[in-house]
Amino acid sequence: MKMTMTALLGTLLSVSVIAGTSAQKDFSEYDLPGYFSCSTPRNWTIDYDSAPAESDAVYAVELTSKTPGMPLPHIIHVAYYSKENGEFSGYSDYVSKNSKNLFKIRDNKYWPVRKASLSGREAKTFERETFVYLPPEKPSAKKYYLKEKFIVLDAKEGFFVLKYTAPKAQYKTHLKTFQKVADSLKSPKFK
């Protein structure tokens, strides 16, 4: 009996080591030099990455995962907004403008802003539900509900936004993937 338990324990340890190695191989490192780096899922598409003109001052990567038969992809967006971004005056302004239903759009839902920690730093997180019509501007357009999660982190001379967008019914499908990307964020712009 003792030999059997030892063999079982050894097998379980081997499986967990293999699973851990497999999980690491499922991600690669993305680097936007001087701004940030993070892990990205290998089976997702990098739709764009940007080191924009100085007038834009938003440095970002957007990752997508398409589900067969679904018109909307899952999206992970990681961005650094420099203080010259021209759209938001800073971290608090971004949170304020994106965490409330400012235009009183029916069917949009917002959850309270909560304190969070990311890479050992204080952050804010919130979720919201919204919708889109596809195809846009067509009388036959169908309404699709989305759920989004935001993590906003103050930084030197700007702030970071990590956003996960998914069809509402599939929101939890890649939530752990989003969290792994968020947890891997590194930057010389951190305070």
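Please give the direction-averaged projected area of the C-alpha convex hull for the stretch 96-191, in square nanometres with one decimal. Write out the running numbers ahead of the final one.
Values: hull surface 30.2 nm².
Averaged projected hull area, Cα only: 7.5 nm².
By a straight-distance test (C-alpha under 18 Å), which lysines pair with residue 189 as possible cross-link partners, with residues fewer than eight away in the same chain excluded?
83, 124, 156
How large is the convex hull of the Cα atoms of the stretch 29-183 per residue, expressed in Å³ as a whole number? Mind dumping the intermediate values first?
Details: hull volume 20.6 nm³, N = 155.
Each residue corresponds to 133 Å³ of Cα convex hull volume.
Using Cα positions and a limit of under 21 Å, work out the lysines in reach of residue 168, with same-chain residues fewer than 8 apart set aside.
66, 100, 104, 109, 142, 143, 147, 149, 176, 180
Mind checking the full-extension length gain between residue 173 and residue 87? Use 0.36 nm per residue of separation minus the Cα-Cα distance, one decimal, nm. Walk me through the numbers before you get to the answer.
Details: separation 86, 0.36 × 86 = 30.96 nm, distance 3.13 nm.
This chain segment gains 27.8 nm when fully extended.
Counting other beta carbons within 10 Å of each Cβ, put 150, 126, 159, 131 in order, fewest first.
Values: 150 22, 126 19, 159 26, 131 13.
If I rank by nearby Cβ atoms, fewest first, I get 131, 126, 150, 159.
Values in this text are rule-based calculations from the coordinates and carry no lab data. This one's a predicted model, so the numbers in the text were calculated from it and none came from an experiment. For neighbour counting, all protein chains shown are included, and Cβ atoms are generated from backbone atoms with ideal geometry for every residue, glycine included.
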